[in-house]
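*Asks:* Take this structure first; my questions come after.
What follows draws every value from the coordinates through simple rules; no lab data is involved. Values in this document were obtained by computation on a predicted structure and should not be read as measured data. Positions of Cβ are generated from backbone atoms using ideal geometry, with glycine treated the same way; all protein chains shown enter the neighbour counts.
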Amino acid sequence: MDLGIKGRKAIVCASSKGLGRGCAIKLAEAGVDLTLNARSAGPLEETAQYIRDTFGVNVQTVAVDITTEEGRNKVLAACPDADILVNNAGGPPPGVWSDWGQAEWQAAIQSNMLTPILLATAILPGMISRKWGRIVNITSGSVKSPIAQLGLSNAARAGLTGFVAGTARQVAKDGVVMNNLLPGQHDTDRIGALMGNRAKTENITLDEARARAQAALPTGKFGDPLDFGATCAFMCSEHASFMIGQNVLLDGGAFNSTMG
Ligand code: NAP
């Protein structure tokens, strides 16, 4: 399917690896020029070069921490007229409620709530004036169904979800489409780290932790970041124009419910 976005410009945050990388690859496949971001320059440039070589689109990189004001400004300066924004950042550490004080809460809210809100706030005026824009926020299945040890994520991402629910409906008439994409368990470094944590807690091997987690999914396996990216690219496409303020869950059926 032609997604109708060839030649558009996208900022994809936190995209050297994992889900962000999957989104960047699938946008490039649709002909979108990219501004990619991550903190470490090496893996970021590797991903950028792979995408240039494979898809022939323009790719620039901005190696900064996207959760800082300076980092946000550098990314926005590199691509001031983005048509597409994919918001993403690292997830907060696991723990229990008693582990988290003010500093931990502020860090989680900064990464997973304020950063995407402030990036959207900076980019929306240009999208509105050009009467076209797409914003996809990578959040988490934990917004729908809490993951107890990821309380920081459950709460911060719920705040972002509330912002998107209202704002998406305010900007829709100006051609701006804003939605959230909720990953369940996908095979990335992040899931590797969480499986490591599970192995330690349950005193089992890493392979056993991965096997148990995958066996608990209706699909029997973790999700593929490229499939995740393909859904993101559709949500950034011309065809997504009537999809407003939605929370699209990609979790292999883990959320057990008769209706969404
Ligand atoms: P990942 O494989 O660990 O990749 C994270 C990517 O983000 C890397 O490119 C990393 O590069 C970059 N990054 C992290 N912090 C950053 C920052 N402050 N500024 C800029 N770039 C940053 O993680 P993932 O699995 O793709 O997860 C992406 C998001 O989805 C996370 O918020 C995660 O919690 C959430 N999520 C993932 C899953 C899953 O199953 N994978 C499930 C639910 C939610 P650098 O380290 O070089 O910065």
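*Asks:* Listed highest first by mean packing, meaning other Cβ atoms within 10 Å per residue, what order do 151-162, 11-22 come in?
*Replies:* The densest-packed peptide leads the list: 11-22, 151-162.
*Asks:* Could you give the dipole magnitude of the chain about its Cα centre, charging the beta-carbon of Lys and Arg +1 and that of Asp and Glu -1, in debye to the nearest 20?
*Replies:* Computed about the Cα centre, the dipole is about 460 debye.
*Asks:* Turning to a different aspect of this structure: Rounding to the nearest 10 and keeping the result within 0 to 90°, find how far the Cα-based axis of helix 189-202 lies from the longest principal axis of the chain.
*Replies:* For helix 189-202, the angle is close to 10 degrees.
*Asks:* A further question follows. Lys6: which lysines have alpha carbons under 21 Å from its alpha carbon, excluding same-chain residues fewer than 8 sequence positions away?
*Replies:* Those lysines meeting the cut-off are Lys26, Lys131.
*Asks:* Just checking the chain: which Cys have no other cysteine's beta-carbon under 4.7 Å?
*Replies:* Cys13, Cys79, Cys236
*Asks:* Relative to the Cα centre, what is the charge dipole magnitude of the range 146-247, using +1 at the beta carbon of each Lys and Arg, -1 at the beta carbon of each Asp and Glu, and rounding to the nearest 20 debye?
*Replies:* It works out to roughly 320 debye.
*Asks:* Helix 69-78 sits at what angle to the longest principal axis of the chain, using alpha carbons and giving 0 to 90 degrees rounded to 10?
*Replies:* Here the helix axis deviates by roughly 40 degrees.
*Asks:* Label points 7 Å out from Cα along the Cβ direction at Leu206 and Ser145: separation in nm?
*Replies:* The two pseudo-label positions are separated by 2.7 nm.
*Asks:* Let me ask you something else. Distances longer than 15 Å among the Cα atoms of the range 185-260: what percent of all pairs is that?
*Replies:* Taking all Cα-Cα pairs of the range 185-260, the fraction more than 15 Å apart is 64 percent.
*Asks:* Per 5 Å bin from zero, what fraction in whole % of the C-alpha pairs of the range 1-140 is there, up to the bin with the longest pair?
*Replies:* Taking all Cα pairs of the range 1-140, the binned fractions are 2, 10, 20, 22, 19, 13, 7, 4, 2, 1 percent.
*Asks:* May I ask you to sort Glu238, Glu29, Glu70 by Cβ crowding, counting other Cβ atoms within 10 Å and putting the fewest first?
*Replies:* Glu70, Glu238, Glu29
*Asks:* Once phi is turned into θ = phi - 60°, what whole-Hz ³J(HN,Hα) does the Karplus curve with 6.51, -1.76 and 1.60 give for every residue of the range 102-111, x standing for Gly and Pro?
*Replies:* Each residue's phi maps through the Karplus curve to give 4, 5, 5, 5, 5, 5, 5, 5, 4, 6 Hz.
*Asks:* Taking amide hydrogens as modeled 1.01 Å from N in the peptide plane, which residues meet the under 5 Å criterion relative to Leu250, leaving out close sequence neighbours?
*Replies:* Leu182, Gly184
*Asks:* May I pose another question? Mind listing which trypsin sites (Lys or Arg not before Pro) in the range 204-252 are in a DSSP loop and have 14 or fewer other Cβ atoms within 10 Å?
*Replies:* Sparse-neighbourhood loop trypsin sites (Lys or Arg not before Pro): Lys221.
*Asks:* How far apart, in nm, are two points set 7 Å out from the Cα along the Cα-to-Cβ line at Glu238 and at Ala165?
*Replies:* That separation, rounded to one decimal, is 3.3 nm.
*Asks:* A further question on this structure: Considering only C-alpha atoms, what is the centroid distance from the range 13-70 to the range 194-260, in Å?
*Replies:* 22
*Asks:* Along the Cα→Cβ direction, 7 angstrom out, place labels at Asp174 and Gln49. What is the inter-label distance in nm?
*Replies:* A separation of 4.0 nm, rounded to one decimal place.
*Asks:* Determine ³J(HN,Hα), in whole Hz, for all residues of the range 7-14 in sequence, where each value follows from phi through the Karplus function 6.51 cos²θ - 1.76 cosθ + 1.60 and θ = phi - 60°; x replaces Gly and Pro.
*Replies:* Per residue, the Karplus-derived 3J(HN,Hα) values read x, 6, 10, 10, 9, 10, 7, 6 Hz.
*Asks:* Next up: Regarding the chain, what whole-number volume in Å³ per residue does the convex hull of its Cα atoms give?
*Replies:* 130
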